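Structure record follows, encoded as structure tokens.
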Amino acid sequence: MTRPAPAIVILGNGSLATARNIQRLYPDAVIHGLAERVEGADRVYHEFGATLRELYQQDTPIIALCAAGIVIRTLAPLLLEKGAEPPVLAVAEDGSAVVPLLGGLGGVNVLAREIAAALNVSAAITTSGELRFGTCLLNPPNGYALGDLELGKRFVSDLLAGETVRIEGEAPWLAQAQLPENPQARLAVHVGHAERTPAANELLIYPRNVLVAVSAPVANVPDAIRDALHQAKIAVQSVACLLAPDSEMSSAALREAALELGVPLRFASAAGAVSELARNAIDSSVLIFGDDAIAIAVAEQPLDPSSIGRPRGRLAVIGLGPGAAELMVPAVKAELARANDVLGYETYVRMAGPFRADQVLHCTDNREEMQRARHAFELAAQGRSVVVVSSGDPGVFAMAAAVLEALHESTDAAWHNVDLEILPGVSASLATAAQAGAPLGHDFCVLSLSDNLKPWDIIEKRLDLASQADLALAFYNPISRSRPWQLGRALEIVARHRTPQTPVVLGRDIGRPGQTLRVTTLGQLTPDQVDMRTMVLVGSSTTCVFSRAGGGDWVYTPRWYGEKPSS
Ligand code: SAH
């Protein structure tokens, strides 16, 4: 899996210059600035601790411009948990010190050296093996895998104690290291893809130069692959990727097998046998093994899986929530970080940013929903990771239904094979209700007052019946320039069944800059108090209002109905 771009986290304007210097080194890095303290950061955060822990859990490399102690204390609760450990560094605000803290196996020292060089200081490297040999034997570069970490650690400490080492096989990066080589050494590093029981004092390093092509249906794919590798005398650690025919893109068995073996799963179009698939995928490969279902090919050099076939495309329809970053669910943030393409109405796409230079934005008019949905499938079917953006929740008067409709209408297998997921968001009615108290605390009805996509008389009928049923009401799209009279008419219908004292909540731009919340009554509400950026919540017969300490009102609809239960 590729790691997200680094996050540069700053607490004050004083560190912005250093942050920008580091960003020049990693143009994809995102500068996170503390709200109200930092102006001009790429992204604003409100809570340092929660933000740092979330980044860490998402496996994002962290460059924090603050005291090392703050970072250590903040992340300490997470360190005992198993899981990803991204590189974490503390950098002095003025750029005068660079301290790698965590992620020794994730390349933190490499980052520390790069940053230190850019800032013209030296990195505070404390890993003895690295200091002595200029590389971390335990952290081979992409394309190689270490056989045994514990053995590796012992090796490094033996070397530090003065032992020498033999290197068998080819590993260009080791050749560059200043290891104390000696053909007669007791310790040996063996580089190769053959299945092998390590001899005494032998550290195995596997080049990832093996491709396994599979074609389901095979019962128990991981075991079948392991058996085939064993027969071919190839180490499972040397497998760089699994390759399967396009037709099996939605196979859960293959997906799980790749996950279990810890390798990427790629796809290619295939007419013939899997052996052909394997042979076509890589240059200068030697086909070692092949039957009807599994073929193994070995390349001369480590393979770069991203250049083999293509991945299964992904399409996520996400909800941003009302606008404020802290109301966006973490799964949505992670999805935005992995996106290659982002589609949506320009205002929402901008709200979802900032984006990296490599992410492609496709901004369209709000009315072109079906066209946008089809475009999203076209991109995803090419193997890209695509995000369609909605505000609030994507399933509430938004893109999720349009995307599913486009898929339903399509007979293109490539579209149906896309990994489609809908990720929820906080809808405007819920965000507004939360700010007012709990006006939707009992049964309620959600309606869009827009008659663009449905006849007005059905809206009247639903309004009449919902009001009659004494449901609290949430109106989306209450009014617009092209629909000036509808809200007035809607309120007349509601007034047939509700008293003028019925509480009404108006939330405008909730969760966005300049938000306003107003509590009024049905009798006092006029359409000119409402615009298309407003959420209208109308209470039921039980909805109550009382004053808040410090001004304003609380509005709630009790959980009970009819007679108040004795408590
Ligand atoms: N998918 C969105 C709704 C889209 S319909 C969601 O779940 O929230 C657009 C309507 O939603 C607007 O006309 C307005 O009535 C309401 N709305 C959206 N965002 C809002 C916000 N931040 N504050 C108040 N109302 C909002």
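Within the range 380-403, restricting attention to residues that are more than 16 Å from the ligand (Cβ to nearest atom) and not small (G, A, S), the residue that is least open to solvent (accessible area, probe 1.4 Å) is V386. Just so you know, in the range 368-379 the residues that are acidic (D, E) and in a helix (DSSP H, G or I) include one that is most open to solvent (accessible area, probe 1.4 Å), and it is E378. Listed by position, the strands (runs of 3 or more DSSP E) enclosed by the range 194-303 that each have at least 2 residues that are touching a strand residue (DSSP E or B) at 6+ places or on another chain (Cβ under 6 Å) and open to solvent by less than 10 Å² (accessible area, probe 1.4 Å) are 202-207, 210-214, 239-245, 294-298. Of all residues in the range 304-332, which are within 14 Å of the ligand (Cβ to nearest atom), among the hydrophobic types (A, V, I, L, M, F, W, C) and either open to solvent by 30 Å² or more (accessible area, probe 1.4 Å) or under 22 Å from A402 (Cα atoms) (or both)? Result: V317, I318, L320, A325, L327, M328, V329, V332. For the range 498-511, the candidate set comprises residues that are open to solvent by less than 70 Å² (accessible area, probe 1.4 Å) and outside any strand (DSSP E or B); within that set, the residue that is nearest to the ligand (Cβ to nearest atom) is I510. Being under 41 Å from the mean Cα position of the chain (by Cα), open to solvent by 40 Å² or more (accessible area, probe 1.4 Å), more than 16 Å from the ligand (Cβ to nearest atom) and closer than 28 Å to A35 by Cβ is the requirement here; does G514 meet it? Here the answer is no, as G514 does not meet what is asked.
Selection of helices (runs of 4 or more DSSP H) fully inside the range 410-493 by the criterion of at least 2 residues being under 28 Å from A331 (Cβ atoms) and either at pLDDT below 95 or of a type in the set (S, T, N, Q) (or both) returns 413-416, 428-436. Just to be sure, is S215 in the same structural domain as V263 (by TED's automatic domain parsing) and in contact with a helix residue (DSSP H, G or I) (Cβ under 9 Å, 6 or more places away or on another chain)? Yes: the conditions hold for S215.
Exactly one condition in (1) within 16 Å of the ligand (Cβ to nearest atom); (2) in contact with a strand residue (DSSP E or B) (Cβ under 6 Å, 6 or more places away or on another chain) is false for W554; which is it? Of everything listed in (1) within 16 Å of the ligand (Cβ to nearest atom); (2) in contact with a strand residue (DSSP E or B) (Cβ under 6 Å, 6 or more places away or on another chain), W554 misses just condition (1). Scanning the range 170-191 for residues that are buried (at least 16 other Cβ atoms within 10 Å of the Cβ) and either over 37 Å from the mean Cα position of the chain (by Cα) or touching a residue at least 40 places away in the same chain (Cβ under 8 Å) (or both) yields A177, L179, A185, L187, A188, V189, H190, V191.
The one condition from (1) more than 23 Å from D94 (Cα to Cα); (2) outside any helix (DSSP H, G or I); (3) of a type in the set (G, A, S) that A50 does not meet is (2). When S448 is tested against (1) open to solvent by less than 20 Å² (accessible area, probe 1.4 Å); (2) in contact with a Leu (Cβ under 7 Å, 6 or more places away or on another chain); (3) assigned by TED's automatic domain parsing to the domain that holds L517, exactly one condition is not met: (2). In the range 517-536, the qualifying residues are those that are in a loop (DSSP other than H, G, I, E, B) and near the ligand (Cβ under 10 Å from one of its atoms), and the one that is least open to solvent (accessible area, probe 1.4 Å) is V530.
When the range 341-359 is filtered for residues that are open to solvent by less than 60 Å² (accessible area, probe 1.4 Å), within 24 Å of Y26 (Cα to Cα) and either within 16 Å of the ligand (Cβ to nearest atom) or at pLDDT 95 or above (or both), the ones remaining, listed by number, are D341, V342, V349, M351, A352. Taken over the range 415-437, residues that are open to solvent by 40 Å² or more (accessible area, probe 1.4 Å), among the hydrophobic types (A, V, I, L, M, F, W, C) and away from the ligand (no atom under 16 Å from the Cβ) amount to 1.
The set of residues from the range 80-112 being more than 28 Å from the chain's Cα centre (by Cα) and surrounded by fewer than 18 Cβ atoms within 10 Å (Cβ to Cβ) comprises A92, D94, S96, A97.
The values are calculated or read from the model by the stated rules, or taken from the named source; none is laboratory data. Every value quoted in this text rests on a predicted model; they were computed, and no experiment measured them. Here Cβ is always computed from backbone atoms with ideal geometry, including for glycine, and neighbour counts include all displayed protein chains. Heavy atoms of the whole protein, side chains included, go into the accessibility calculation; ligands, DNA and RNA do not. Shrake-Rupley method; radii C 1.70, N 1.55, O 1.52, S 1.80 Å.
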